[in-house]
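First comes the structure, then the notes that go with it.
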């Protein structure tokens, strides 16, 4: 049985589109989309707990993420419909920018997560390539009587600028090139995300030739605690278990899976949580047992000198920073805190 979306009233925080300033579901004015030329490195500060004793160097440069796995939604009901299909407040996205959202099934488990890019005449959803068809099938089932259309979005390219540790992140020559290209995007945990046509993307890649190393991007992802599909996320994961707080709106109204998220948030019914950990010595292998219970496991690792930084799932009483969790090799890993942007109770009932 397909989950149904119900709105409490006709004014249940539907995104408002007009010629005036954009406002989000709470009535707050939406700032313009950020520009690549303005990107500067912000020091990493955990939302919960502490950072690892040693951090890998943050990646620097423009990453070519390749063809976008994307869906296009057009039609007058597109924003109202998408507001009920995913967990974040689409009306908080500026023109040319994006919000990150989780697409859930009726049991509150992940179908996919991605960015919703907002434009005056359309919304583009980008997701992990391996989840594109599952997301399309999921949304097709839920597009019933709304006046909008869903179709593959082809010919688009994804880029991400990693700002490294310099201030400003883009040097003077590169900044001039970026400003001339007038690139809007979205600031996300790993960097400045851009969605462009393929020709425009190739122009940007030529203008900013520096590329980050893939291993440095992965090391930084693990160290700051950003979950990704295939390691921390799968179809059995819930948004709260994975610490996807930054993708959840508690003010916009109903969406598929929202009742499960609300109950788990306010009644504390999430038994397992993704956490950041560290342990001296060599990193255990992903998949190694972490603590007790069938779901306790290491999901991602990075080695920084003689310190191993881990992501993994632990039982809820162990999310307290400083908690000790047994590894299957007999060592004790120390919990640092919840993932990037996450707080106990999704930050609304701490």
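Bear in mind these aren't lab numbers, they're just calculated from the coordinates by the rules spelled out. Bear in mind the structure is a predicted one, so any value in this text is a computation, not a measurement. All Cβ positions, glycine included, derive from the backbone under ideal geometry; neighbour counts span all protein chains shown.
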If R0 = 30 Å, then residue 140 and residue 28, at their Cβ-Cβ distance, give a FRET efficiency to the nearest 0.05 of 0.35
Between the modelled labels at residue 269 and residue 317 (7 Å from Cα along Cα→Cβ) the distance in nm is 2.1 nm
Computed over the stretch 214-339, the relative contact order (Cα-Cα under 8 Å, seq sep at least six) in percent reads 27 percent
For 311, 60, ascending order of other Cβ atoms within 10 Å (fewest first) is 60, 311
Relative contact order of the chain (C-alpha contacts under 8 Å, at least 6 apart) in percent is 22 percent
With label points set 7 Å from each Cα along the Cα-to-Cβ direction at residue 105 and residue 205, the distance between them in nm comes to 3.6 nm
Fewest to most Cβ atoms within 10 Å: 157, 81, 229 sort as 229, 157, 81
Ranked output for segments 266-278, 33-45 by mean other Cβ atoms within 10 Å, highest leading, reads 266-278, 33-45
Listing 236, 113 by rising number of other beta-carbon atoms within 10 angstrom, fewest first, gives 236, 113
Ordering 200-212, 122-134 by per-residue average of other C-beta atoms within 10 angstrom, highest first, gives 122-134, 200-212
Subtracting the Cα-Cα distance of residue 332 and residue 41 from 0.36 nm times their residue separation yields 101.4 nm
Length-normalised contact order of the stretch 36-210, Cα under 8 Å, at least 6 apart, in percent, tallies to 34 percent
Quick shape check on the stretch 245-347: root eigenvalues a ≥ b ≥ c of the Cα gyration tensor, a/c under 1.5 is rounded, otherwise prolate if a/b tops b/c, else oblate, and it reads prolate
Expected unfolding gain across residue 121-residue 198 under the 0.36 nm per residue rule, minus the alpha-carbon gap, is 25.7 nm
CD proxy, 222 nm, the chain: helix-only mean residue ellipticity via -39,500 (n - 2.57) per DSSP H run with n ≥ 4, per residue, nearest 500, stands at -5000 deg cm²/dmol
